[in-house]
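Undergrad: There's a structure below that I have some questions on.
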2 protein chains.
Amino acid sequence: MSRDEREGQTSLDPAVAARLKRGADGLVCAVVVDHTTSDVLMVAWMDDEALARTLATRRATYFSRSRQQLWVKGETSGNVQHVREVRLDCDADTLLVRVDQTGPACHTGARTCFDADLLLADEDVQAS
Amino acid sequence: MSRDEREGQTSLDPAVAARLKRGADGLVCAVVVDHTTSDVLMVAWMDDEALARTLATRRATYFSRSRQQLWVKGETSGNVQHVREVRLDCDADTLLVRVDQTGPACHTGARTCFDADLLLADEDVQAS
């Protein structure tokens, strides 16, 4: 057990940590996709520890920019995300997280965070 | 024709502009999804003008953070994106852009920007 783990922290694999390109705030963007439907559920942010915990536990864990703290998705709502797969993009600054979502993903109660606000409709749908 | 349009700029609908929550750099995150396969192709960034042009022309247009300028996807490579649908998320800081992608989406030549770097494999795939 490492010193980090004794102190309740989870260390990110150094090979991954060396690859990550974090923003000025130390965070990377995480796009969260429903494993079954492939729908984009939400976008959140991870610091190194959020990513380390997500990889180690398969419980999706993010960093809240408004509260400036780690946040296990569904910890209070019960709408947890079991992580199936995590990928890093070609620029190493964005994660793609495939999850089994319990309940609605959005804090509004919607299935996804993108359900409510359509800015541009599909031409085919408009035409029909 | 507005003054902006005469000067070659495209104005964002004020109702949308009022709703957008931009980062400190004036940008919002855009998650780009293949309309046919629902695969997440890439993540890019838009300022107000990139979004306005995307909505007006249905040619996906982003703001390059490294080059600090507008960028029409595929303008040099030919790998353009025809925009089918644009949605804004519940926090109004992330766009979901569904596109018909011509050619590979990634500058590496891969189909998506998430093809190459798997950080955590699916348990079911590991087990088989």
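The values are calculated or read from the model by the stated rules, or taken from the named source; none is laboratory data. Computed from a prediction, not measured in an experiment: that's the story for all the values here. Don't worry about glycine lacking a Cβ; one is built from the backbone with ideal geometry, like all the others, and counts go over all protein chains shown. Keep in mind that these areas ignore ligands, DNA and RNA; they rest on the heavy atoms of the full protein, side chains included. Shrake-Rupley method; radii C 1.70, N 1.55, O 1.52, S 1.80 Å.
Undergrad: Check A:Leu27 against each of (1) touching a helix residue (DSSP H, G or I) at 6+ places or on another chain (Cβ under 9 Å); (2) open to solvent by 20 Å² or more (accessible area, probe 1.4 Å); (3) farther than 20 Å from B:Ala116 by Cβ and name the one condition it does not meet.
TA: Every condition holds for A:Leu27 apart from (2).
Undergrad: How many of the residues in segment B:86-128 are surrounded by 14 or more Cβ atoms within 10 Å (Cβ to Cβ), more than 7 Å from every other protein chain (Cβ to nearest Cβ), of a type in the set (A, V, I, L, M) and not in a loop (DSSP other than H, G, I, E, B)?
TA: So the count comes out to 3.
Undergrad: Ok, one more. What are the residues in segment B:79-122 that are of a type in the set (Asp, Glu) and closer than 14 Å to A:Arg87 by Cα, if any?
TA: Correct list: B:Asp115, B:Asp117, B:Asp122.
Undergrad: Select from segment A:61-70 the residues that are within 11 Å of the chain's Cα centre (by Cα) and either in contact (Cβ under 8 Å) with a residue 40 or more places away in the chain or within 11 Å of chain B (Cβ to nearest Cβ) (or both) and list them in ascending order.
TA: none
Undergrad: Going by what's in this entry, would A:Leu41 be described as under 15 Å from A:Val83 (Cβ atoms), assigned to a strand (DSSP E or B) and in contact (Cβ under 8 Å) with a residue 12 or more places away in the chain?
TA: Judged against the criteria, A:Leu41 is a match.
Undergrad: Let me ask another. Out of the residues in segment A:66-85 that are touching a Gly at 6+ places or on another chain (Cβ under 9 Å) and assigned to a loop (DSSP other than H, G, I, E, B), state the one that is least open to solvent (accessible area, probe 1.4 Å).
TA: Going through the qualifying residues, I end up with A:Gly74.
Undergrad: Return the pair list, or none, for Cβ contacts closer than 9 Å from residues in segment A:71-84 that are without any contact (Cβ under 8 Å) to a residue 24 or more places away in the chain and more than 14 Å from chain B (Cβ to nearest Cβ) to residues that are open to solvent by 30 Å² or more (accessible area, probe 1.4 Å) and polar (S, T, N, Q), at least 6 apart or on different chains.
TA: A:Val72/A:Thr57; A:Val80/A:Gln101; A:Val80/A:Thr102
Undergrad: Still on this structure, I have one more. For segment B:21-55, how many residues meet the condition of being away from chain A (no Cβ under 12 Å) and closer than 21 Å to A:Leu95 by Cα?
TA: Number of matching residues: 1.
Undergrad: Right, A:Arg58: facing chain B (nearest Cβ under 10 Å), open to solvent by 20 Å² or more (accessible area, probe 1.4 Å) and within 27 Å of B:Arg98 (Cβ to Cβ) or not?
TA: Spelling it out, it is not the case that A:Arg58 is facing chain B (nearest Cβ under 10 Å), open to solvent by 20 Å² or more (accessible area, probe 1.4 Å) and within 27 Å of B:Arg98 (Cβ to Cβ).
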